[in-house]
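Any read-out appearing in this document is the output of simple, stated calculations on the displayed coordinates, not a laboratory observation. Every value quoted in this text rests on a predicted model; they were computed, and no experiment measured them. Note that each Cβ is placed from the backbone with ideal geometry, even for glycine, and that neighbours are counted across all protein chains shown.
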Amino acid sequence: MSLKDNAHQLVREHLKMDRDGKAHKVPALLDELRRAVTPGHAGSAGGGMAGPPIPINPNALDLLAEIEGEARRNHYEITDTGWQSTLEELLQAFAGMDLPPEWDAYLTHVSADWIDKITALLWPSKPRRKLVGKTCPACGWATYGEERKVCLSLGCWDDEGNMRAIGTWDIECASCEASWAGEQVAYLLRALDTPGVVIVSEVAQVS
Ligand SMILES: [Zn+2]
C-alpha cells in the first residue's frame, strides 16, 4: 500500500472487499474513529457492548490525539511550518506532496500503522477460546500460575471475528507452549472429549 492508498482509507469513504468477495463502500477510518470518541456512540464497532453508553471512549480519544500529533509533527519537520487546517486535509496534503523518498517511506509506514491501530481498536479480534478443565497432553496441566489460568486455548476466529474452517484451527498451551494445528486439532479435541462439532455449535450460539 502506498501513502496515497493509506491516506485514502483514513480520510475518504472507500471500497472494502467483503468475505463474499464483493466490494462495499465503507466510511473513512478517521470518521469511524471520531464517531467512537463521541458521546452516545451507537456502536458501529459491533463489539457486542451492552449496558449504558460510555460517555467518551478514552482509547479512541488517545489514538486520535496520537495520530494528529504525529502527523502535525511530521509536517513541521518536513516543511518548517505548522499545519493550519484539519488532520484530514493534512493527510491528503501528504499524499499529494513531492516528498523525499525517505519521508515517503516513513509516512507510508506510519500511516499503515494508524490504519492497523484504528482497526484493532474499533474491531477487536475475538479472544481465543479457552478449553476450561482440559489437561494439556504435553505438560499434563490444565491450569498454571498463581491465578490458575487455563492452559489450553483454541484459535478458531479470523481477523473479522468469523469462525474459520475447522481444518485451520489451532490449539496452544499457554503453560508449556506446545501447539497443534491442522488435522491434529480434531484428534486432540476428540481426545479431550470436546469434539469440534460441539464447539462449532457452542460458538455459533455465542456469536
Ligand atoms: Zn502444556
Per residue convex hull volume, Cα only, the stretch 77-172, in Å³ is 213
Flagged links, alpha-carbon separation over 23 Å, of LYS4/LYS117; LYS25/LYS117; LYS16/LYS126; LYS126/LYS149; LYS22/LYS130
LYS22/LYS130
In the stretch 60-150, the trypsin sites (Lys or Arg not before Pro) that fall in loop regions by DSSP, at most 14 other Cβ within 10 Å:
ARG148
